[in-house]
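Read through the structure below, which is laid out as C-alpha cells, and then see the notes.
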Amino acid sequence: MTSQVLCPGSFDPITNGHVDIIRRARDVFGEVLVGVGVNQQKNYLFGEQRIELVRRSVEDLDGVEVAEMDGLLVDFCRSRGISTVVKGLRFGADFDFELQMAHMNHGLSGLETILLPASADHVTLSSTLVRSVLQFGGDVSNYVPGPVVDAIADRLWQGP
Ligand code: ADP
C-alpha cells in the first residue's frame, strides 16, 4: 500500500536537484504530489510557466502528479488527504529553516516532514543561483531539466 507524499516548492525554475528529490521520494513512498507554490506577493522569474515546466520535467516519472498550491501548506495537505511532506536538505541554512517549518506544520495539524539529503551532484544547486546566472546571460543547461532549457532558449530568442 502506498500513500501520496507532497514535495512542495516555488520551482522558479525547477532544477535537476528538485527532480532528484522528487524521484527519490517517489522511489521511497510510491506516490508524490509536487505542489507548486503560488504566492501573489512573490515576483517569480518564470511566472505562470513554472507549473507547466514542472509538469513537463516530471512527466516520465510514474507515480508523480503536479498541482498548484496556495494558502497554508497544512490546509492544502488536509484537503488532499496528505499526511507527509518530503523536502530536500542541502546545507545548514536549509536545516535551520526546515526544522522550524516542520515543527510549525506538525503543531498546526500533525503533518509530518521527512528530510532527504540532497545528492552530492546537486547539493550546492539552487533556483536562486540559477536565476542569478540567467539574469546575466549565463548558460544553466547543465543544471535544469530539458523543458526549462527550451523555455530559456525561447525567451532569449523572443528578446527582452
Ligand atoms: P530553492 O530553495 O532552490 O529556491 P524551492 O523553494 O523551490 O527552491 O525548494 C523547494 C524544496 O526543494 C526545498 O525543500 C529545497 O530544500 C529543495 N531543494 C531545492 N534545491 C535542491 C537541491 N539542489 N537538492 C535537493 N533539494 C533541493
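The values are calculated or read from the model by the stated rules, or taken from the named source; none is laboratory data. What you see is a predicted model, and the numbers here were worked out from it, not measured in a lab. Glycine also receives a Cβ, built like all others from the backbone with ideal geometry; neighbour counts cover every protein chain displayed.
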(Q) If I filter the range 105-160 down to residues being of a type in the set (D, E, K, R) and touching a residue at least 40 places away in the same chain (Cβ under 8 Å), which single residue comes out as surrounded by the most Cβ atoms within 10 Å (Cβ to Cβ)? (A) ARG131
Q. Has the range 35-44 got any residue that is farther than 22 Å from ARG155 by Cβ and either touching a residue at least 40 places away in the same chain (Cβ under 8 Å) or not in a loop (DSSP other than H, G, I, E, B) (or both)?
A. yes
Q. Can you name the number of the only condition in (1) in a helix (DSSP H, G or I); (2) farther than 21 Å from GLY110 by Cβ that VAL66 fails?
A. (1)
Q | Some residue of the range 66-80 being within 11 Å of the ligand (Cβ to nearest atom) and either more than 18 Å from the chain's Cα centre (by Cα) or not basic (Lys, Arg) (or both) | A | no
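Would you mind stating whether LEU89 is under 18 Å from ASP20 (Cα atoms) and in contact (Cβ under 8 Å) with a residue 40 or more places away in the chain? Write out each step before concluding.
On the way: under 18 Å from ASP20 (Cα atoms): yes; in contact (Cβ under 8 Å) with a residue 40 or more places away in the chain: no.
No; evaluated as a whole, the condition is false for this residue.
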Q: Would you be able to say whether some residue in the range 57-64 is under 17 Å from LEU6 (Cβ atoms), modelled with pLDDT under 95, over 13 Å from the mean Cα position of the chain (by Cα) and not polar (S, T, N, Q)?
A: no
Q: Within the range 105-139, work out how many residues are over 24 Å from GLY71 (Cα atoms) and of a type in the set (Gly, Ala, Ser).
A: 6
Q) In the range 1-42, which residues are basic (Lys, Arg) and either closer than 15 Å to LEU61 by Cα or within 15 Å of the chain's Cα centre (by Cα) (or both)? A) ARG23, ARG24, ARG26
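Working only within the range 73-85, note down all residues that are in a helix (DSSP H, G or I) and over 22 Å from GLY17 (Cα atoms). Walk me through it before giving the result.
The initial filter retains those residues of the range 73-85 that are in a helix (DSSP H, G or I), namely 73-80.
Selection gives VAL74, ASP75, PHE76, CYS77, ARG78, SER79, ARG80.
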(Q) If I ask for residues that are more than 7 Å from the ligand (Cβ to nearest atom), among the polar types (S, T, N, Q) and under 17 Å from HIS122 (Cβ atoms), which ones from the range 1-44 would you list? (A) ASN16
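Return yes when VAL54 is assigned to a strand (DSSP E or B), touching a residue at least 40 places away in the same chain (Cβ under 8 Å) and under 15 Å from ALA25 (Cβ atoms) and no when it is not.
For VAL54, the condition - assigned to a strand (DSSP E or B), touching a residue at least 40 places away in the same chain (Cβ under 8 Å) and under 15 Å from ALA25 (Cβ atoms) - is not met.
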Q.
Quick check on this structure: which one of ASP96, ASP60 is among the acidic types (Asp, Glu), free of Cβ contacts under 8 Å to residues at least 12 places away in the same chain and farther than 26 Å from LEU134 by Cβ?
A. ASP96
